[in-house]
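Only the coordinates and a few stated rules stand behind these numbers; no lab work does. Predicted, not measured: the structure shown is a model, and the values here were computed from it. Every residue, glycine among them, receives a Cβ derived from its backbone with ideal geometry; neighbour counts consider all protein chains shown.
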Amino acid sequence: MSVFNPWTRHYQAVWENRAASHNLPMWARVFCLAYGRHQANGHALFGRGELTWILGTPPRDGKPFQRANRQAVHSAIATAVKHGFLDGGSCLECLVVPGHAIQGPQGKADAPCPVHERKYREKRAKLKLVS
């Protein structure tokens, strides 16, 4: 017996714009970024340190721009995972939208993720060194 699960499209630019709101908690801004940038495989790739820039605090009251703390971003990702908005494989370089939550847009749904492939290779290399 299948359950009817209606779906609709969303505009990614809207989600990415929501991520810029400093009125939202950082964990919500993180999943907004994921929904705003994911490819068909559900992965939203970011360069090293890019999330700390995007989630940083803009200049105000004479204070300069401040990058977000790396640990704070990591914690925000963990919170978004805990609440079910991101997949547990999410990290500072790749936010993963749960497969049951999205479909599309660009790319191939089965395309490999370069970040997760690299992490897998590194993990296997470490295991071989220990063996």
Under the Karplus curve 6.51 cos²θ - 1.76 cosθ + 1.60, θ = phi - 60°, whole-Hz ³J(HN,Hα) for region 60-74, x wherever Gly or Pro sits: 6, 6, x, 8, x, 3, 10, 5, 5, 5, 4, 5, 5, 5, 4
Förster radius 22 Å - calculated FRET efficiency between Asn5 and Leu45 (Cβ-Cβ, nearest 0.05): 0.20
Normalised per residue, the volume of the convex hull around the Cα set of region 36-77 (Å³): 82 Å³
Karplus-derived 3J(HN,Hα), 6.51/-1.76/1.60, for each residue of region 43-57, Hz, glycine and proline x: 9, 10, 8, 9, x, 4, x, 4, 5, 5, 6, 4, 8, x, 9
As computed over region 54-93, the Cα convex hull volume per residue (Å³): 75 Å³
